[in-house]
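Notes follow once the structure below has been shown.
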Amino acid sequence: MVTVNPVVSKLAAYPAEALYAKRAALRAAGLEVFDFSVGDPIEPTDEGIVAAFREGVPPVSQYPTIRGEADHRAAICEWIGRRFDGTTVDPDRELLPTRGSKEAIFHLPLTFLDPHGPRRKVLYGVPGYPVYERGTRFAGGEVWPVELRPETGYRLEPWELPGDEIAKTAILWINYPHNPTAAGVDLAYLERVHAFCREREILLCADECYVDMYFEEPKPPSVLELSSREGLLAFHSLSKRSGMTGYRSGFVAGDAELIARLGKTRPNFGVATTVMVQRAGSWAWRDEAHAEARRQAFRAKRDTFMRFFAEVGLEHTPCTSTLYLWVRTPEDRDALGYAEALADKGILVSPAPFHGVEQPYVRVALVPSLADCERAIELWRAFHRA
Ligand SMILES: Cc1ncc(COP(=O)(O)O)c(C=O)c1O
């Protein structure tokens, strides 16, 4: 037998895998499936993005660099300035392009975690995106998932946690607007978490990939707007804003010293963004029209579902951004059981345990078209009336 990394043997299946299997089984059984389980939207990519990609294909395609093209970094900085009230980021010192945010999140502890040091914990909220945990384990760190609760608006509040555990913490992840609950925070909260981390020399990592998927004012804030960037990094992506999940394009920005360290380690991972993807990405960061059109499309789906949930008396957490609705099961029914029962009708949602908690909630990702949302709602309504 060849050797296997013990982290691999201990890994639970990636939750989406179970959903893909369920979807395939339902389709094989001849059922029409409305898939609200995975956050990978289907709206066509804007023609401007596709054209920029095509035109970006060079006659000879050589290795891209981890720092990317100056114009790509400039396009990102222009967006940051427009989106966050004139916030400035130095394109040469405070920013690196990434291949979407997943790889950047996964690889982060390989740079900022000492697996043999006294501070090996990585703190993150659950329910949440599974990659904070995965990246920590592969880097030899210790995971510290903290359950986020509806009563506290799904905010991670590190000041409420035991001080001796905090003293062993190297990295803290926050993710607002939040997947899966759509919870949001304000700048005062971000300032407070940052101050907490700075005092304790904890690296604050803010996964902000849904920051441009907002439906209402005020728009979600970014840690890049805080009074200081010391000890913090923000992770952004074109996947949700511009519907570019397949292109793999994003960036990490923040404390110049931390970015310099990433600039040294990241070439090892083979994650430089290809030139054509950078060109498509630059076009996307500079264009607001397509992002606004996407917000409108998702707002329409959100509103349709919110009307339906109000009609049948299903509660959900407020959804002013992201592409998710976090819906409480009727009479706090077991989330897995409720999701199974809906799946039998052809409606796939992802239950809270798939996001790391045993709460009576399911996540509805607003992925199918508006027409399909309406058809699925018909089935869901009939199921509730039965
Ligand atoms: C909270 C969160 N972070 C990061 C990602 C990764 O996005 P990408 O790698 O496509 O930029 C996702 C994707 O669903 C997400 O939900």
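The values are calculated or read from the model by the stated rules, or taken from the named source; none is laboratory data. Keep in mind that what you see is a predicted model, and the values were worked out from it rather than measured. When we count neighbours, we look across all protein chains shown, and the Cβ atoms used for this are built from the backbone with ideal geometry, even at glycine. Quick note on the areas: whole protein, heavy atoms, side chains included, nothing else; ligands and nucleic acids left out. Shrake-Rupley method; radii C 1.70, N 1.55, O 1.52, S 1.80 Å.
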Criterion violated by Val57 - all others in (1) more than 22 Å from Ala234 (Cα to Cα); (2) open to solvent by 20 Å² or more (accessible area, probe 1.4 Å); (3) modelled with pLDDT under 95 satisfied: (3)
Answer from Thr245, Thr181, Thr152 - the residue that is open to solvent by 10 Å² or more (accessible area, probe 1.4 Å) and within 30 Å of Glu43 (Cα to Cα): Thr245
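Which of the residues that make up the stretch 13-41 are in a loop (DSSP other than H, G, I, E, B) and exposed (fewer than 11 other Cβ atoms within 10 Å of the Cβ)? Talk me through it step by step, then tell me what you get.
Going residue by residue through the stretch 13-41, those that are in a loop (DSSP other than H, G, I, E, B) are 13-14, 29-33, 36-41.
Those that are in a loop (DSSP other than H, G, I, E, B) and exposed (fewer than 11 other Cβ atoms within 10 Å of the Cβ): Ala13, Ala29, Gly30.
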Arg279 being within 16 Å of the ligand (Cβ to nearest atom), in the same structural domain as Val89 (by TED's automatic domain parsing) and open to solvent by 20 Å² or more (accessible area, probe 1.4 Å): no
Residues that are open to solvent by less than 50 Å² (accessible area, probe 1.4 Å) and within 16 Å of the ligand (Cβ to nearest atom), drawn from the stretch 88-111: Leu95, Leu96, Pro97, Thr98, Gly100, Ser101, Glu103, Ala104, Ile105, His107, Leu108, Pro109
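Can you confirm whether Phe298 is of a type in the set (Phe, Trp, Tyr), in the same structural domain as Ala52 (by TED's automatic domain parsing) and open to solvent by less than 40 Å² (accessible area, probe 1.4 Å)?
On the way: of a type in the set (Phe, Trp, Tyr): yes; in the same structural domain as Ala52 (by TED's automatic domain parsing): no; open to solvent by less than 40 Å² (accessible area, probe 1.4 Å): yes.
No.
Go through the stretch 301-319 and count every residue that is of a type in the set (A, V, I, L, M), farther than 18 Å from Glu217 by Cβ and open to solvent by 20 Å² or more (accessible area, probe 1.4 Å). Talk me through it step by step, then tell me what you get.
Of the stretch 301-319, the ones of a type in the set (A, V, I, L, M) are 306, 310, 312, 314.
Retained after the next criterion (residues that are farther than 18 Å from Glu217 by Cβ): 310, 312, 314.
Filter once more, keeping what is open to solvent by 20 Å² or more (accessible area, probe 1.4 Å): 310, 312.
Residues meeting the conditions: 2.
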List the pairs whose first member sits in the stretch 59-74 and is among the hydrophobic types (A, V, I, L, M, F, W, C), whose second member is open to solvent by less than 80 Å² (accessible area, probe 1.4 Å) and in a loop (DSSP other than H, G, I, E, B), and whose Cβ atoms are under 8 Å apart, counting only residues at least 6 apart or on separate chains? Ile66/Val271; Ile66/Ala272; Ala70/Pro91; Ala74/Pro91
Anything in the stretch 199-246 that is acidic (Asp, Glu) and more than 13 Å from the ligand (Cβ to nearest atom)? List them, or say none. Glu199, Glu201, Glu216, Glu217, Glu225, Glu230
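With the stretch 199-263 as the region, which strands (runs of 3 or more DSSP E) entirely inside it contain at least 3 residues that are among the charged types (D, E, K, R)?
Working: elements: 203-207, 232-237, 250-254.
Here the list is empty.
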What's the number of the only condition in (1) part of a helix (DSSP H, G or I); (2) of a type in the set (D, E, K, R); (3) on the phi < 0 side of the Ramachandran plot; (4) outside the structural domain of Trp144 (by TED's automatic domain parsing) that Glu331 fails to meet? (3)
Going through Ala352, Ala339, Ala284, Ala371 one at a time, which residue ends up being open to solvent by 30 Å² or more (accessible area, probe 1.4 Å) and hydrophobic (A, V, I, L, M, F, W, C)? Ala371
Residue list for the stretch 357-368, filter: surrounded by 22 or more Cβ atoms within 10 Å (Cβ to Cβ) and assigned to a loop (DSSP other than H, G, I, E, B): Gln359, Leu366, Val367
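Here's the yes/no breakdown for (1) assigned by TED's automatic domain parsing to the domain that holds Gly128; (2) without any contact (Cβ under 8 Å) to a residue 60 or more places away in the chain; (3) more than 30 Å from Trp144 (Cβ to Cβ):
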site: Leu348; (1), (2), (3): no, no, yes
site: Pro353; (1), (2), (3): no, yes, no
site: Gly356; (1), (2), (3): no, no, no
site: Gln359; (1), (2), (3): no, no, no
site: Val362; (1), (2), (3): no, yes, no
site: Leu366; (1), (2), (3): no, no, yes
site: Cys373; (1), (2), (3): no, no, yes
site: Ala376; (1), (2), (3): no, no, yes
Kindly list the number of the only condition in (1) surrounded by fewer than 16 Cβ atoms within 10 Å (Cβ to Cβ); (2) more than 12 Å from Arg67 (Cβ to Cβ) that fails for Leu258. (1)
Of the candidates Asp186, Asp164, the one satisfying the condition of being of a type in the set (Asp, Glu), in contact (Cβ under 8 Å) with a residue 24 or more places away in the chain and either away from the ligand (no atom under 13 Å from the Cβ) or touching a helix residue (DSSP H, G or I) at 6+ places or on another chain (Cβ under 6 Å) (or both) is Asp186
Members of the stretch 67-87 that are assigned to a loop (DSSP other than H, G, I, E, B), over 17 Å from Ser237 (Cβ atoms) and open to solvent by less than 60 Å² (accessible area, probe 1.4 Å): Glu69, Gly86, Thr87
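Scanning the stretch 19-46 for residues that are within 16 Å of the ligand (Cβ to nearest atom) and hydrophobic (A, V, I, L, M, F, W, C), which turns out nearest to the chain's Cα centre (by Cα)? It would help to see each step written out before you state the result.
At the first step, the residues of the stretch 19-46 found to be within 16 Å of the ligand (Cβ to nearest atom) are 19-20, 35-43, 45.
Okay, now just the ones that are also hydrophobic (A, V, I, L, M, F, W, C), so 19, 36, 38, 42.
On the way: Leu19: 18, Phe36: 16, Val38: 12, Ile42: 17 Å.
Per the stated criteria, the residue is Val38.
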